[in-house]
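These notes concern the structure reproduced below.
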Amino acid sequence: MSYIAPIIPENAPFTAAQRAWLNGWLAAYLGPAGAANAPASSIAPAAAPEAVEDFPWHDPSVALDERLRLAEGRAPARLLMAAMAQLDCGQCGYLCETYAEALASGAEKSLTRCVPGGKETARVLKELIEAPPVATRPASRQPSPPPGAEREGPAAQRREGEVGAGARGTAPARFDRALKLNRDGSEKDTRHVVFRLDRSDLAYEVGDSFGVHAANCPELVEAVIERLGGRGGDDVDCPDGTRCSLREALTLVCDIARPSDEAVEVLASRAPDQDESQRLQALAEGYPGAQPEDADLLDLLLAFPSARPPVQELVSALGVLQPRLYSIASSPKMVRGEVHLTVAAVRYEKHGRRRKGVASTFLAERAAPGAAVPAFIRRAHDFRLPPDHDAPIIMIGPGTGVAPFRAFLQERRAVGARGRNWLFFGDQHRASDFLYEAEFAAYHRDGLLAQLDLAFSRDQRERVYVQHRMRERSAELWSWLAEGAHLFICGAQAMARDVDAALAAIIARQGKMSLGAAKTYLATLARQQRYQRDVY
Ligand code: NAP
């Protein structure tokens, strides 16, 4: 596929999404020759044809506008992909690339499936889709639907590199325990979760992620059934094609935390109250300012009491509850027959109700010891320890981001790797939030961790983060990099973005180069698989 330079000038009166779409459309319509005939002032130098398509926007630490800019000139499916959060987290039921392709081909209609991208992604997807109708786009640039998209719902699609993603109801992993990692006085509830794999064929390597099919909270399910006026024991047809009781459908199959646009439309069409119907329709269409924001199904049933569709109609329109992925926190060489996770239980107030993250509170509160939980392994493609056991590694993982580094350290110990290990860890308070303190302190004492730098953000007036500690250790970081160290970052998006910026500043200063050259240095490290990130 060849890349065609942007045609619409940067200062043209369009939003980034509109400009990106128009550039893509014009590039497809005109082709390389046509693009070349556009006014010289508006055309950037033509780039060389690419042998293999790359996705330069596929980086969760890059801002949305910049991602769209990077996708300018590409086919509509690629522009749609650039609007996604780039996490490949699977919560939409696809990967960023395949969700975009399904939208572009029309196989998928819902624009609100990208959970980490939230409203911003949904708004840009809407803008991109509602630009000239998809049917008027040049046929040659129409992406092909993902394999199986027309036959099966997204949840039924397997992803490359998944192991054990079998049918719901299989029992490959046995939940064992979810121990509190925070001490008394903490504002957080982070759990060390253990699954037993004895009787399953799930096998993993450090760097991989563990996919969990969780169940919705039973109190929430009962409240929804009551508001709907349904009977929990009545059988319904589920959105994944199975048939079971309404209670089981709402507990195991349907996504009731984020009702699909189609479900909101069903509520709108069945609300006799005109005002409620219009407000629901505005919500379904993603109208800016439509309320209530981030509503779950119960919020909608409470806010719109006239909207009471037939239960089956609503259930059929709900999305399928998607599995959640967690970075694995153990090495199979160290904890045979088990997989460990580090999970932050998500709980917060919204619309006057206490809300819970589906999978994190399933693991922290509801899963019973010994319970069989459908699970699978997502293979890491680019988050792997260096094959050279002598290579030094630098790991930056505040909060739950420390999970894969616990696994890396276990692995390096198990294989007797001699490469030096350096960990930057941070969390709110040293007294209550130093996750795995005893283990890391022991590793530091016995030398497995050559360096351990800690940033407890709220132990002083000014917040202190891992990147502050990295700056303090600039000269040593630079010398480790010069000796061939591999760099790893794991954790939340904002942290990864700020740590990336700090790294560039450190490299520029220590390497006596411009910031641009430092970014190129980091990009080169990434190409050499020496700079890898697992961001959520
Ligand atoms: P966290 O509490 O968000 O952050 C850990 C530490 O990093 C805190 O000291 C925090 O400081 C600091 N920090 C905040 N912003 C930063 C920045 N820009 N740069 C550097 N450090 C920064 O970490 P967490 O416990 O891992 O939770 C992260 C979020 O991800 C949670 O909402 C969780 O639900 C979600 N999540 C977790 C998982 C999982 O459990 N594996 C998976 C997906 C999503 P301050 O808070 O004091 O500012």
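The values are calculated or read from the model by the stated rules, or taken from the named source; none is laboratory data. Keep in mind that this is a model prediction, so the values were computed, not measured. Here the Cβ is made from the backbone with ideal geometry for all residues, glycine too, and neighbour counts use every protein chain on show. In case anyone asks, the SASA skips ligands and DNA or RNA and just uses the protein heavy atoms, side chains included. Shrake-Rupley method; radii C 1.70, N 1.55, O 1.52, S 1.80 Å.
Can you give me the C-alpha center-to-center distance between region 473-499 and region 294-331, rounded to a whole angstrom?
Here the answer is 39 Å between Cα centres.
With every protein chain left in place, what is the accessible area per residue of region 184-323 in square angstrom, probe 1.4 Å?
Averaged over the residues of region 184-323, the accessible area is 43 Å².
So, counting K/R as plus one and D/E as minus one, what does the shell of residues with Cβ under 13 Å around D189 add up to?
+1
Which FRET efficiency value, to the nearest 0.05, do you get for C244 and A526 by plugging their Cβ-Cβ distance into 1/(1 + (r/R0)^6) with R0 = 56 Å?
It comes to 0.75.
In what sequence, highest mean first, do 263-272, 97-106 appear when ranked by Cβ atoms within 10 angstrom?
Those peptides, ordered most packed to least, come out 97-106, 263-272.
Which of the peptides 453-463, 490-500 is most tightly packed, and how do the rest follow, judged by the mean count of other Cβ atoms within 10 Å per residue?
Those peptides, ordered most packed to least, come out 490-500, 453-463.
From the protein chains alone at 1.4 Å, what is the descending order of accessible area for R347, R530, largest first?
Descending order: R347, R530.
Can you give the extra length, in nm with one decimal, that the chain gains between E349 and M513 once fully stretched, where that is 0.36 nm per residue apart less the Cα-Cα distance?
54.3 nm
Can you give me the relative contact order of region 176-327 as a percent, contacts being Cα pairs under 8 Å and 6 or more apart?
For region 176-327, the relative contact order is 27 percent.
Going through the cross-link list K180/K333; K119/K519; K333/K356; K119/K356, which pairs have a Cα-Cα distance over 27 Å in this structure?
K119/K519; K333/K356
Given that compact globular proteins tend to follow 2.2 N^0.38 Å, what is the ratio of the alpha-carbon Rg of region 248-390 to that value?
Compactness ratio reported: 1.38.
Please compute the per residue accessible area over region 358-483 with all protein chains in place, 1.4 Å probe, rounded to a whole number of Å².
The answer is 39 Å² per residue.
Could you sort S514, S209 by accessible area so the largest value comes first, with the probe set to 1.4 Å?
Result, largest first: S514, S209.
Taking the simple approach of a point 7 Å from Cα along Cα-to-Cβ for both R366 and K109, what is their distance in nm?
Those two pseudo-labels are separated by 2.8 nm.
How large a share of the accessible area of region 358-432, in percent, is made up of carbon and sulfur atoms when the probe is 1.4 Å and the other protein chains stay in place?
Of all accessible area on region 358-432, carbon and sulfur atoms account for 52 percent.
Would you please put 423-431, 363-371 in order of how densely packed they are, using the mean number of other Cβ atoms within 10 angstrom per residue and starting with the highest?
423-431, 363-371
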